[in-house]
Amino acid sequence: MRIIIEGGRVIDPANDIDKVQDIYIAEGKILARGRKPQDFQADRVIDANGLVVCPGLVDMRARLREPGQENKATIASETKAAAKAGVTTLCCPPDTDPVIDTPAVVELIHRRAGEAGHANVVTLGALTHRLRGEQLAEMCALKQAGCVGVSNALQPVDLKILRRAMEYAASQDLTVYLHPEDPALSQQGCAHEGTVSVRLGLPGIPETAETVAVAQALQLIDLTGVNAHFCQVSSDAAARMIARAQYDGAPITVDVTAHHLFLTEMDIGYFNAQCHVRPPLRTQRDRDGLREALVNGTISAICSDHQPHDTDAKLAPFPATEPGISAIETLLPLALRLVDDGLLSLPDALSRVTFFPANILEISAGTLDVGANADICVFHPHYSWRYEESHIVSAGKNTPFLGWNLKGLVTHTLLNGRIVHEVDDDTLHEVITQGAYEAELAQSNSIAQGQPLDDDIEAEDSNEEDEDWFEPPSVTDIDSPRPPQTDREARPAEDTDAGAFVPPSAQTTATKSKQKKQAAKKTAAAAVENTNVLDSNAFDSNASDANALGNSGGDHQVSTQIDAPREPQTDSPIEPAAAKSPAMAANDANDTYKPPISPFRVPSKQFAPLSDRVIKTQPEDDNRAAADPNSKRVPAVKDDD
Amino acid sequence: MMRKNIQLDEQGRLKHLLTLEGLKRELLVEILDTAESFTSVTGQAVKKVPLLRGKTLVNLFFEASTRTLTTFELAAKRLSADVLKINVSTSATSKGESLLDMLRNLEAMHCDMFIVRHGESGAAHFIASHVAPHISVINAGDGRHAHPTQALLDMFTIRRHKGEFGPLTVAIVGDIMHSRVARSQIHALTTLGVDEVRVVGPKTLIPKAVETLGVHVYHDMEYGLEDADVVIMLRLQKERMQGALLPSEHEYYQRYGLTMDKLAAAKTDAIVMHPGPINRGVEIQSEVADSAQSVILEQVSNGVAVRMAVMSMVLGRPAEGGAA
């Protein structure tokens, strides 16, 4: 089937693209973007005017319950939920029953997923035989069967076995996925050990259960040289420890669940079992620390940690309920909420659920490269709706987000060029009209708040619109969180002919290369200057150093048409943190390592940028750049030293 | 659904009693006053009032208990209610029937009140939020969470001896970590405006962040009891030695066992309380337990009056005005 997705705002973080473009799909692949290939006859035209078109989401961890717990959910039911949520690839951890420790189980899962045909499923293999932590699993066979990494899921492994497993995995070039939790310290706990657990008399899981496990794992990673990924870090302290290790060049990546970015132990209220998760929801401070780590790049991916349950699983006194949230359908809406909260730009937020997780999993997904599989998510960024149980497609209805107002309704999901989900015409119509109204409302709010609309900028922009679409960078080209894209060209009202558009890409690309070149010369002082520019909201700055910032300013203002942040005022000072990071990362390449100032302070390169503006607790004594969330796959910046 | 205080009905009256947290001081005082009026019943020749005639109460005890179970039963009978006792350890839940299924069956028998003891924190909240609307739930102890009637009878006892709560210093000594009684006592004491609430024990038995409940932490018995008006001892369960929380009973007794010597640090008219059952020679010296300062047995008899008060307030609304 040949499909055109027409007139949508295409956001492809992997390629730095954010502009209104048409996408041409044939034979399951993306045939072209922007320019219509000759003789292209579409069987189907998807009108994406007013909608965002992005790579299909990649969910790093989703439990499908099959095989073993089909009473809770099946591969078919959960991949269908994924399709509805815009997720085209999801990764299944090995704690199924039977455990994914033989190629047969891997094949079973892949076959069932293939039969269902709603989403791609990749698997992690077991680290130890039956996850018992006694004997190594046949990792190589698992890898050959298609596993993208190995993990012991939530089952404990003692240090001797873990060391051996890491060594072996390293020699087989397998990434080890770790759930840092020390079983001796977490024991039978079911909530964060703190104010809520003491109040409700719930057995607590101390923060140290995580930090101790992280500390041990970091030492073993150092010893064995294995590529490691920390799954769903839940505490600020652990995030900081990992940030420091990343600074030192350890090949580590990290993800966080969407719910840990929004909920805290307080949400347990009086025993709300929907908030029973593992690792537990922690304090406000931890939540803010995780957000900070996400913004500065220590944590590069957001996952759902989808865990569908039957209703009985949550119908018991809190400690007796099963942990987990049926979360895949709230992944995109919550990621978009981070944009509204002013933490990430829209392209950056999308990169955390598309390109970065794909990169960590080392799979070819999460991009809209020409020639890539046409796994595509089309959604409305503004349309909001109240999340009700009737909306849930997953077999598991267990979620604490019922009643929340969510944004980011997925209208179409394409898997290998096939439409696997689309809303009916009435819904689509409502989404577009109501969404446009809400977008307008958000925009007028921002005007009311004194944000100038910078329409002039777009008019002045030169246009080399196609500059980057025909040179798709390979994954390894991407060196760091990209600067926020300008949304200028993404005006829904404009004609969809890409040529007519102001090339955001022109400026962005220019900025990027410029940053690369100049970064070496930039001093920390320049970074400070940038910061100041940002903080003062000086969007009209014409200083060349502030180019990227000017961009992001423009992004903010112009974007209100499609992407109006709810709270522009908080938005603007924060967003540029990401913008700066490439420059900073590049900076680091030429920077010799300086030890952290205080043993208890995280290497400030990771934290200074954000904390200066958001947390405002750390002195501006060190302005070295933000981490490179991508350091693992990409020739890390460090390696250039 | 869990956000609002499910213990109260639309008029702010008591519908369930699950925890003392979040209840107003006026309500606690009302319970204590009501209990006061019931103490006379206990002294009468015919120890019955007809407040709950025709009502059926179910004692649902998922954990063993002697005092609490019998005082609830006694209180219910003195209010002329019919009492059912379900011995859960031998009933269906051990055959795989879920807690909820069991509740549905009991509801079908048209009961009016469940008095619940359960080993998991939050069990009473869970049951209260899933029973039919006409049923009230009284928490007789859930996991480590709460034991509100025990705390109320302790408050009742304190008020009888000390009058006002305001100027008091109260020390709670022992295993705070695993104690639902301590948590409820802390909520009651802080709500009633006690000047200073202290918890005393080794760090292994004091939960992290306990200060957020409004108490001061002491690890030394002598400082902890200094000038205290009330000393509440908690039972030390033997299995705590296995969890490496304590080296031995002997050492615990040396450091935290209440002896006449240690009690000397408190005010001379300080009262000594204990929710029972007592481990003589582990957390309390026999001489102290049997001394004039000890009000331990009085607590037990006050338990009946307080539980009568709670039941009548929850179920016997029409007569509530007369009782209070």
Taking R0 as 60 Å and r as the Cβ-Cβ distance between A:Glu27 and A:Asp158, the FRET efficiency 1/(1 + (r/R0)^6), rounded to the nearest 0.05, comes to 0.75
Between chains B and A, the summed loss of accessible surface on complex formation, probed at 1.4 Å and reported to the nearest 100 square angstrom, is 1900
Heavy-atom accessible area of region A:176-284 with neighbours in place, 1.4 angstrom probe: carbon+sulfur share in percent works out to 49
Hydrodynamic calc, region B:148-300: Kirkwood Rh from Cα pairs, then Stokes-Einstein at 20 °C with viscosity 1.002 mPa s, so D in µm² s⁻¹ is 142
Averaged per residue, the 1.4 Å probe accessible area of region B:148-300, protein heavy atoms only, in Å², is roughly 39
Comparing each residue of region A:262-286 in the complete protein assembly with the chain by itself (heavy atoms, probe 1.4 Å, ligands and nucleic acids ignored), those losing at least 40 Å² of accessible area are A:Tyr270, A:Phe271
Hydrodynamic radius by Kirkwood for region A:306-422, inverse mean 1/r across distinct Cα pairs, in Å, is 15.9
Chain B: relative contact order from alpha carbon pairs under 8 Å, six or more residues apart, as a whole percent, is 20
Over region A:281-361, with neighbouring protein chains present, the accessible area per residue in Å² at probe 1.4 Å is 16
Checked against a 19 Å limit on the C-alpha separation, the offending pairs among A:Lys84/A:Lys314; A:Lys80/A:Lys397; A:Lys314/A:Lys397 are A:Lys84/A:Lys314
For the B:Arg104, A:Leu223 Cβ pair and Förster radius 45 Å, calculated FRET efficiency rounded to 0.05 is 0.20
Each label sits 7 Å from Cα toward the beta-carbon; between A:Glu388 and B:Leu8 the label points are separated, in nm, by 3.1
Links exceeding 20 Å between C-alpha atoms in this model, out of B:Lys24/B:Lys85; B:Lys24/B:Lys208; B:Lys162/B:Lys267; B:Lys15/B:Lys208, come to B:Lys24/B:Lys85; B:Lys24/B:Lys208; B:Lys15/B:Lys208
Of the accessible area of region B:148-300, computed with a 1.4 Å probe and all protein chains kept, carbon and sulfur make up a percent value of 49
Those residues in region B:105-141 that give up at least 40 Å² of accessible surface, probe 1.4 Å, once the partner protein chains are present instead of the chain by itself are B:Glu120, B:Ser121, B:His125, B:Phe126
Under the 7 Å Cα-to-Cβ spin-label approximation, A:Glu440 and B:Lys85 lie apart by a distance in nanometres of 7.2
Taking a ≥ b ≥ c as the square roots of the eigenvalues of the Cα gyration tensor, with a/c under 1.5 meaning rounded and otherwise prolate when a/b exceeds b/c and oblate if not, region A:4-95 is prolate
Note, region A:334-344: 3J(HN,Hα) by Karplus (6.51, -1.76, 1.60, θ = phi - 60°), whole Hz, Gly/Pro = x, goes 6, 4, 5, 4, 5, 5, 4, 6, x, 8, 10
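FRET efficiency for B:Arg255 and B:Val29, Cβ-Cβ distance as r, R0 = 30 Å, nearest 0.05?
Efficiency, from the Cβ-Cβ distance: 0.25.
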B:His118 neighbourhood, Cβ < 11 Å, K/R = +1, D/E = -1, net charge -1
Residue by residue through region A:68-82, the couplings from Karplus 6.51 cos²θ - 1.76 cosθ + 1.60 with θ = phi - 60°, in Hz, x for Gly and Pro, are x, 10, 5, 5, 8, 5, 10, 4, 5, 5, 7, 5, 5, 4, 4
The answer for the longest stretch of chain B without any exposed trypsin sites (Lys or Arg not before Pro) (DSSP loop, at most 14 further Cβ atoms within 10 Å) is B:54-324
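State, as an integer percentage, the relative contact order of region B:164-290 based on alpha-carbon contacts under 8 Å between residues 6 or more apart.
On the way: 232 pairs, mean separation 34.4, N = 127.
27 percent.
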Note: A:Glu167 to A:Thr311 extended length (0.36 nm per residue) minus current alpha-carbon separation gives 47.7 nm
With label points set 7 Å from each Cα along the Cα-to-Cβ direction at A:Asn71 and A:Glu430, the distance between them in nm comes to 3.6
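The values are calculated or read from the model by the stated rules, or taken from the named source; none is laboratory data. Computed from a predicted structure; not experimentally measured. Every residue, glycine among them, receives a Cβ derived from its backbone with ideal geometry; neighbour counts consider all protein chains shown. The area values use the complete protein model at the heavy-atom level, side chains included, leaving out ligands, DNA and RNA. Shrake-Rupley method; radii C 1.70, N 1.55, O 1.52, S 1.80 Å.
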